[in-house]
Amino acid sequence: MGILENFSLQGKVALVTGASYGIGFAIASGMADAGATIVFNDINQDLVDKGMAAYKEAGIKAYGYVCDVTNEEQVTELVAKIEKEVGVIDILVNNAGIIKRIPMLEMTAAQFRQVIDVDLNGPFIVSKAVIPGMIKKGHGKIINICSMMSELGRETVSAYAAAKGGLKMLTRNIASEYGEYNIQCNGIGPGYIETPQTAPLRTPEHPFNKFIISKTPAARWGKTDDLVGPAVFLASDASDFVNGHVLYVDGGILAYIGKQPQ
Ligand code: NAP
Ligand code: GCO
């Protein structure tokens, strides 16, 4: 078997959460290109319809479902429906996420809890629902979409950093607890990527725009396509002995002190 066949996702069912657009859509599209059957959910029917149209335009036959990843009952129903209508899930990408950029002293406990609920409880809930099927099948791949904030802090993102730091450790714990069932759980830590979530930071006049370029050796914002190869690798047989790892796809941010001001 040629080495490239190790990267094939042919015959695999992949669930990507929150994948109507953005990073999730790009990763799902890349996995489809590698042969996977794509299933995605989003928070409401309008978003699912938007996603279905986008996948169709990309020539991808996807299955879309409305499901709030923080709602355990909805997630249990979602997984049962997918197993009945599509097949047992081989690959799970916990992508759905939110961010609130509020100074900590101005953030309410309810706002903090909301971010933790989606970005950390959500991946726990969905992983818990999907792992039994993976155990029965004798294999599984879980990819948690972490962040630079799994390693670094910055002003106004206390809840997000706490959630993404926790998600790094949840990744390691799932790897530890279920590795013996041939389930690999890894993370992808995107750098600063051009999506709707970072749009407020990318306006030409926003100081953060120039700042992040000075902090990135690649001297550019990331694109969602930059994440596709790493995601396909972590979803494929090629990474069967990679477990509990967070692969940072950040253009080198975490390795770099930053360009000195000219
Ligand atoms: P995005 O554009 O905001 O997309 C996130 C998706 O998740 C949206 O479709 C969103 O729906 C959905 N979602 C939110 N809450 C949900 C819930 N409770 N249940 C189901 N779906 C839900 O974000 P993105 O930039 O593509 O980021 C995707 C993931 O990558 C997130 O986990 C994010 O934290 C992470 N990340 C992003 C970057 C970046 O620079 N963009 C970098 C590192 C990590 P709505 O449209 O209703 O919000
Ligand atoms: C922010 C950004 C980041 C990115 C990403 C970086 O406000 O700092 O939104 O958090 O979304 O998580 O990896």
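The values are calculated or read from the model by the stated rules, or taken from the named source; none is laboratory data. Note that the coordinates shown come from a computational prediction; the quantities given were computed from them, not determined experimentally. Cβ: placed from backbone, ideal geometry, glycine included. Neighbour counts: every protein chain shown. When the accessible area is computed, the model is the full protein with side chains, heavy atoms only, and any ligands, DNA or RNA have been set aside. Shrake-Rupley method; radii C 1.70, N 1.55, O 1.52, S 1.80 Å.
On the basis of being crowded, with 16+ Cβ neighbours inside 10 Å, within 11 Å of ligand 1 (Cβ to nearest atom), modelled with pLDDT of 95 or more and over 17 Å from K100 (Cα atoms), does G133 make the cut?
no
Would you say I143 is surrounded by 19 or more Cβ atoms within 10 Å (Cβ to Cβ), under 21 Å from the mean Cα position of the chain (by Cα) and either more than 16 Å from ligand 2 (Cβ to nearest atom) or among the hydroxyl-bearing types (S, T, Y) (or both)?
Judged against the criteria, I143 is not a match.
Considering the stretch 90-105 alone, what residues qualify as being more than 17 Å from the chain's Cα centre (by Cα) and open to solvent by less than 10 Å² (accessible area, probe 1.4 Å)?
Within the stretch 90-105, none qualify.
Give the residue that is most open to solvent (accessible area, probe 1.4 Å), with candidates limited to residues of the stretch 232-252 that are over 14 Å from I188 (Cβ atoms) and assigned to a helix (DSSP H, G or I).
The qualifying residue most open to solvent (accessible area, probe 1.4 Å) is D237.
Determine if the stretch 170-180 includes at least one residue that is in a helix (DSSP H, G or I), open to solvent by 10 Å² or more (accessible area, probe 1.4 Å) and either within 13 Å of ligand 1 (Cβ to nearest atom) or closer than 19 Å to N71 by Cβ (or both).
Within the stretch 170-180, one or more residues are in a helix (DSSP H, G or I), open to solvent by 10 Å² or more (accessible area, probe 1.4 Å) and either within 13 Å of ligand 1 (Cβ to nearest atom) or closer than 19 Å to N71 by Cβ (or both).
Checking K259 against (1) closer than 23 Å to L167 by Cα; (2) charged (D, E, K, R); (3) surrounded by fewer than 14 Cβ atoms within 10 Å (Cβ to Cβ), only one condition comes out false. Which one?
(1)
Is it the case that T224 is open to solvent by 40 Å² or more (accessible area, probe 1.4 Å), within 14 Å of ligand 2 (Cβ to nearest atom), in contact with a helix residue (DSSP H, G or I) (Cβ under 8 Å, 6 or more places away or on another chain) and polar (S, T, N, Q)?
Details: open to solvent by 40 Å² or more (accessible area, probe 1.4 Å): no; within 14 Å of ligand 2 (Cβ to nearest atom): yes; in contact with a helix residue (DSSP H, G or I) (Cβ under 8 Å, 6 or more places away or on another chain): yes; polar (S, T, N, Q): yes.
No.
Test A32 against the criterion of being assigned to a helix (DSSP H, G or I), within 21 Å of F7 (Cβ to Cβ) and among the hydrophobic types (A, V, I, L, M, F, W, C), and give yes or no.
Details: assigned to a helix (DSSP H, G or I): yes; within 21 Å of F7 (Cβ to Cβ): yes; among the hydrophobic types (A, V, I, L, M, F, W, C): yes.
Yes, satisfied.
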